[in-house]
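Presented below is the structure to which this report refers.
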Amino acid sequence: MTQFTQNTAMPSSLWQYWRGLSGWNFYFLVKFGLLWAGYLNFHPLLNLVFAAFLLMPIPRYSLHRLRHWIALPIGFALFWHDTWLPGPESIMSQGSQVAGFSTDYLIDLVTRFINWQMIGAILFY
């Protein structure tokens, strides 16, 4: 019998470059909390694609940091898309009407629009 030894180098695994979601965990927890409370119109496929984009391992640390900078406006746009808020074009076209509101009315509108219990739950939990 001949002894056959094969010298194989282990291929570098991409898992060694996996860095997790970091601060994006809080983003997704807030979204799930708002969904549970009934404040979001959640789009699961878009959110899964965004999470996969964030979780994909990238070997170079500089590209990893660049991905997070690119993800900031994408995350903001996706969050806006999941809410029932009007689009930016609607807000811009009707901005003159909002500018005509009195300060007291705007304060009353904001205090009725914001759920302070939900804000407290997000900040303290």
Exercise. Can you name the number of the only condition in (1) modelled with pLDDT under 95; (2) part of a helix (DSSP H, G or I) that Leu46 fails?
Worked result: (1)
For this session: Tell me, please, whether a residue that is at pLDDT 80 or above, under 25 Å from Ala121 (Cα atoms) and assigned to a helix (DSSP H, G or I) can be found in the range 85-93.
Result: no
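Could you grab me the full set of residues in the range 108-125 that are surrounded by 11 or more Cβ atoms within 10 Å (Cβ to Cβ) and at pLDDT 80 or above? Spell out the reasoning first.
Taking the range 108-125 first, the residues surrounded by 11 or more Cβ atoms within 10 Å (Cβ to Cβ) are 108-109, 115, 118, 121-122.
Asp108, Leu109, Asn115, Met118, Ala121 - these are the residues of the range 108-125 that are surrounded by 11 or more Cβ atoms within 10 Å (Cβ to Cβ) and at pLDDT 80 or above.
Quickly run through the range 1-24 and pick out the residues that are under 13 Å from Leu55 (Cα atoms) and modelled with pLDDT under 90.
Listed by number, the residues that qualify are Leu14, Trp15, Gln16, Tyr17, Trp18, Arg19, Gly20, Leu21, Ser22, Gly23.
The values are calculated or read from the model by the stated rules, or taken from the named source; none is laboratory data. All values derive from a computational prediction rather than experimental measurement. So basically every Cβ, Gly included, is an ideal-geometry build from the backbone, and we count neighbours across all protein chains shown.
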